[in-house]
Amino acid sequence: MQSEPLLTARGLVKRYGRVTALDAADFDLYPGEILAVIGDNGAGKSSLIKAISGAITPDEGEIRLDGKPVAFRSPMEARDAGIETVYQNLALSPALSIADNMFLGREIRRPGPLGKWLRMLDRPAMEKRARAMLSELGLMTIQNIGQAVETLSGGQRQGVAVARAAAFGSKVVIMDEPTAALGVKESRRVLELILDVKKRGLPIVLISHNMPHVFEVADRIHIHRLGRRLTVIDPRQYTMSDAVAFMTGAKRPPETAVAA
Amino acid sequence: MTEASARGGQPQEFEKVLAGSDTAVAQFESHDRTAVERLQHFLHSSPAAVPLIVLIASLAVFAFVIGSRFFSPFSMTLILQQVAIVGIIGAAQTLVILTAGIDLSVGAIMVLTSVVMGQFTFRYGLPAPVAILCGFGVGAACGFLNGWLVAQVKLPPFIVTLGTWQIILAANFLYSANETIRAQDIEAQAPLLQWFGNNIRIGNAVFTYGVIAMVVLVLVLWHVLNHTAWGRHVYAVGDDPEAAELSGVNVNRMLLSVYVLAGLICALAGWALIGRLGSVSPTSGQFANIESITAVVIGGISLFGGRGSILGMLFGALIVGVFSLALRLIGTDPQWTYLLIGVLIIAAVTVDQWIRKVAG
């Protein structure tokens with residue numbers, strides 16, 4: 001990781017009444033890496049991720065994307081800047097088709113008067129792109145792009161949400177607990193998906209409680225504790241027990257690891 | 001775990017056995033479906049099919065029982081005339097119910113706008129087109145009030161429209177002083193107000209402009225709901241507002257636009273109501289809200305939002321019209337009509353619940 005970080009946060013503070021969720025938290029994401037963010041419940045990792053994805057606005061601190069300071073007031077602004085988030089609840093509309101879901105909020109309209117005056121959607125173009133994206137991620141066992149999302153299995157839905165993020169995320173993809181609700185086989189498929197997205201050159205922020213999954217795919221692990229970044233470790237040099245020990249405060253991290 | 005542990009997508013120890021398992025993770029249609037399952041899937045993907053089948057079946061049964069007195073161009077188009085107002089109001093109701101809301105004030109908005117159109121012409125002497133525009137303005141304002149209370153103040157739609165229903169209806173009586181404008185006066189001085197009462201005759205078939213307006217409105221809204229981003233957002237908001245918001249839909253603006261549009265459609269119904277009655281009567285259309293909800297429910301649109309087709313609402317309204325006319329021709333007590341419609345409502349919701357299980 002010699003290059004400059006793509007996304008950085010310095011001294012983020014977020015208070016909810018008397019509770020300090022973020023206490024001068026730092027964050028660095030480098031190009032092309034998978035950065036796992038782990039932390040105990042209440043450590044503030046959700047607040048950190050929400051601040052980066054635009055769902056909350058921090059009280060203090062600075063976020064820089066590509067070296068330029070950014071201040072997102074909504075998830076849509078973060079999206080426009082190229083940061084896509086796969087939410088834990090997936091944010092899909094069950095009754096709508098796969099293609100409609102992938103393009104929800106950024107539909108493609110027909111060229112010419114049909115699109116301009118009748119505001120007609122360009123379904124063929126949307127379906128073509130959705131299909132291309134799903135096949136690229138090896139998800140074309142989903143046969144009919146026009147079928148409602150509610151007829152898909154949990155893994156397939158996750159696949160649609162990941163494909164949507166990968167298709168539109170130009171800078172960063174954030175994934176919140178992507179394997180939490182899945183079975184063994186489907187989790188494996190989603191982990192492969194994550195690596196596929198990485199191969200496309202997009203850096204990924206992975207929030208997960210599943211240590212084996214984190215250690216399997218992450219290049220670096222950001223450990224969050226008491227509202228701030230405790231340390232960043234290399235998963236090849238530490239064990240899962242070490243990570244859990246740092247996370248829960250049972251063990252102090254070595255000073256050198258912080259610089260990693 | 002050792003350093004060599006499962007880097008770069010290699011399976012972990014406990015997952016090695018997966019190599020021997022079926023590789024198709026996200027397989028669909030894994031087994032041959034039974035006829036019942038296929039039916040369930042078909043109905044799931046075409047929500048207007050059930051009311052259409054019921055409509056055709058009831059037409060066939062009554063045509064067989066009553067004969068040509070019922071199954072004639074005149075009677076068929078009479079049904080259309082009788083459901084025209086409910087169909088237009090039902091279109092407004094459909095939009096609101098698709099967003100998982102409900103609008104109890106639709107009938108009141110319709111009556112108030114028709115009174116405004118009439119009184120502005122006769123009390124203030126405004127030209128009829130201006131008075132009609134004022135009626136649409138009042139409809140939009142009522143819709144905006146509903147939408148603002150639902151979207152911004154975050155009150156439940158049922159409560160909001162229960163309140164505005166009473167407010168608008170009372171305003172209607174207070175403003176009109178419960179005074180009817182006679183049909184002859186309208187015909188002599190402002191025939192434009194009765195424009196929707198004009199008709200086109202093809203043989204014995206009579207199509208009033210009100211009927212044509214209803215059909216055109218439903219077709220336009222069907223197009224908008226299915227083939228524009230706005231329409232897809234209506235479904236997304238009704239389905240799961242949080243997911244829609246996170247996917248980039250401005251939910252509040254969406255809800256506001258739906259209620260305002262519903263208000264405008266109610267104003268259209270108010271205008272068509274003058275054409276249907278000939279006169280402007282502040283006491284008309286008392287049950288339009290319940291009738292529109294009935295059409296929507298029999299039409300297979302889910303009261304929980306996000307599911308159903310506006311064409312179903314039209315079929316639902318027509319089913320009610322067919323039952324009313326047929327039972328009247330048979331000469332039964334009109335209460336039988338209400339009884340059967342009650343049964344239909346419960347049957348429609350039962351079928352809806354069964355179809356939804358396809359997702360489970």
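Taking amide H positions as placed 1.01 Å from N in the peptide plane, with prolines and chain starts having none, which residues 5 or more places from A:Leu6, or on another chain, fall under 5 Å of its amide H?
For A:Leu6, the qualifying residues are A:Leu29, A:Tyr30.
Quick one: Karplus J couplings for the stretch B:331-347, per residue in order, coefficients 6.51, -1.76, 1.60, θ = phi - 60°, nearest Hz, x for Gly and Pro?
x, 7, 4, x, 4, 4, 4, 4, 4, 5, 5, x, 4, 4, 4, 5, 5
Three principal axis extents, largest first, for the C-alpha atoms of the stretch A:112-250, in Å?
Projected onto the principal axes, the Cα atoms of the stretch A:112-250 cover 64, 31, 25 Å.
Could you work out how far apart the two model spin labels at B:Gln166 and B:Val130 are, taking each label as a point 7 Å from the Cα in the direction of the beta carbon, and quote it in nm?
With each label point 7 Å from Cα toward Cβ, the separation is 3.7 nm.
Rg over Rh of the stretch B:241-360, using C-alpha atoms and the Kirkwood radius, what does it come to?
1.05
Could you tell me the relative contact order of chain A? Use alpha-carbon pairs under 8 Å, at least six residues apart, and round to a whole percent.
25 percent
Want the number for B:Glu187 to B:Ile200: 0.36 nm per residue separation, take away the alpha-carbon distance, what's left?
2.8 nm
Can you show me the helix-derived [θ] at 222 nm for chain A, built from DSSP H runs with n ≥ 4 at -39,500 (n - 2.57) apiece and divided by the number of residues, rounded to the nearest 500.
When only DSSP H runs of four or more count, the value is -9500 deg cm²/dmol.
Would you please give the FRET efficiency between A:Ser241 and B:Ser46, computed as 1/(1 + (r/R0)^6) with r the Cβ-Cβ distance and R0 = 56 Å, to the nearest 0.05? Please list the in-between numbers first.
Working: r = 55 Å, r/R0 = 0.99.
Once the sixth-power term is evaluated, E becomes 0.50.
In whole Å, what are the Cα extents of chain A along the three principal axes, biggest one first?
Here the Cα extents, ordered largest to smallest, are 62, 39, 37 Å.
For peptide A:82-92, how many partner chain Cβ atoms fall within 10 Å of a residue's Cβ, on average?
On the way: counts 0, 0, 0, 1, 0, 4, 0, 4, 4, 9, 7.
Per-residue shielding by partner chains comes out at 3.
What is the set of long-range amide H partners of B:Ala100 at a cut-off below 5 Å, with H atoms built 1.01 Å from backbone N?
Counting only residues 5 or more places away or on other chains, the set is B:Gly305, B:Gly306.
What ranking do A:Thr231, A:Thr57, B:Thr121 get, fewest neighbouring Cβ atoms within 10 angstrom at the top?
On the way: A:Thr231 22, A:Thr57 12, B:Thr121 26.
Listing A:Thr231, A:Thr57, B:Thr121 from fewest to most nearby Cβ atoms yields A:Thr57, A:Thr231, B:Thr121.
Explain nothing, just the number: dipole magnitude of the stretch A:99-144 about its Cα centre with +1 on each Lys and Arg Cβ and -1 on each Asp and Glu Cβ, in debye rounded to the nearest 20.
The calculated dipole for the stretch A:99-144 is roughly 240 debye.
Efficiency by 1/(1 + (r/R0)^6): what FRET value for B:Val220 and A:Asn41, r their Cβ-Cβ distance, R0 = 60 Å, to the nearest 0.05?
0.70
Ignoring trypsin sites (Lys or Arg not before Pro) that are buried or in helix or strand per DSSP, and keeping those with at most 16 other beta carbon atoms within 10 Å, what is the longest stretch of chain B between them? List each step's numbers first, then the result.
On the way: sites that count: B:Arg7, B:Arg33, B:Arg123, B:Lys154, B:Arg182.
It works out to B:183-360.
Between B:Ala177 and A:Arg106, what FRET efficiency follows from the Cβ-Cβ distance if R0 is 51 Å, with the result rounded to 0.05?
Details: r = 53 Å, r/R0 = 1.03.
Once the sixth-power term is evaluated, E becomes 0.45.
At 0.692 mPa s and 37 °C, plugging the Kirkwood radius over alpha-carbon pairs of the stretch B:48-354 into Stokes-Einstein gives what diffusion coefficient in µm²/s? Walk me through the numbers on the way to the answer.
Working: Rh = 19.7 Å.
D = 167 µm²/s.
Straight-line reach from A:Lys116: which aspartates and glutamates have a Cα under 17 Å away, not including same-chain ones fewer than 8 places off?
Hits, sequence-local ones excluded: A:Glu107.
Could you pull out which residues in the stretch B:292-316 have an amide N less than 16 Å from a spot 7 Å beyond the Cα of B:Val349, following the Cα-Cβ vector?
Under 16 Å, as judged by backbone N against the label point of B:Val349, lie B:292-305 of the stretch B:292-316.
Within 10 Å of each Cβ of A:192-203, how many other protein chain Cβ atoms are there on average?
Values: counts 2, 0, 1, 2, 1, 0, 2, 0, 0, 0, 0, 0.
Counting other chains' Cβ atoms within 10 Å and averaging over A:192-203 gives 1.
Considering Cα pairs under 8 angstrom that are at least six residues apart, work out the relative contact order of the stretch A:149-260 and quote it in whole percent.
20 percent
Along each principal axis of its Cα atoms, how long is the stretch A:96-147 end to end? Whole angstroms, biggest number first, please.
Here the spans come out as 37, 19, 17 Å, largest first.
Given the options B:Tyr235, B:Tyr338, B:Tyr124, which has the most mean-square fluctuation in a GNM of chain B, springs set between C-alpha atoms less than 10 angstrom apart?
With Cα springs under 10 Å in chain B, the top fluctuation among B:Tyr235, B:Tyr338, B:Tyr124 is at B:Tyr124.
Can you give the Rg to Rh ratio of the protein assembly as shown, both from alpha-carbon atoms, with Rh computed by the Kirkwood formula?
That ratio is 1.08, to two decimals.
Suppose every Lys and Arg Cβ carries +1 and every Asp and Glu Cβ carries -1, with no other charges. What dipole size does chain B come out with about its Cα centre, to the nearest 20 debye? Provide the component values of the computation, followed by the final result.
Details: 16 positive and 18 negative charges, 167 e Å.
Charge dipole, chain B, about its Cα centre: 800 debye, nearest 20.
In the stretch A:79-184, which chymotrypsin sites (Phe, Trp or Tyr not before Pro) fall in coil by DSSP and have 16 or fewer other Cβ atoms within 10 Å?
Sparse-neighbourhood loop chymotrypsin sites (Phe, Trp or Tyr not before Pro): A:Trp117.
I'd like the trypsin sites (Lys or Arg not before Pro) in the stretch A:144-220 restricted to DSSP loop residues with at most 16 other Cβ atoms within 10 Å, sorted by number.
Details: sites: A:Arg157, A:Arg164, A:Lys171, A:Lys185, A:Arg188, A:Arg189, A:Lys198, A:Lys199, A:Arg200, A:Arg220; in loops: A:Lys171, A:Arg200.
Counting only loop positions with at most 16 other Cβ atoms within 10 Å, the trypsin sites (Lys or Arg not before Pro) in the stretch A:144-220 are A:Arg200.
Coordinate-derived values only; no laboratory data. A quick note: this is a predicted structure, and the numbers were derived from the prediction, not measured. Every residue, glycine as well, gets a Cβ built from its backbone with ideal geometry; the counts of neighbours run over all protein chains shown.
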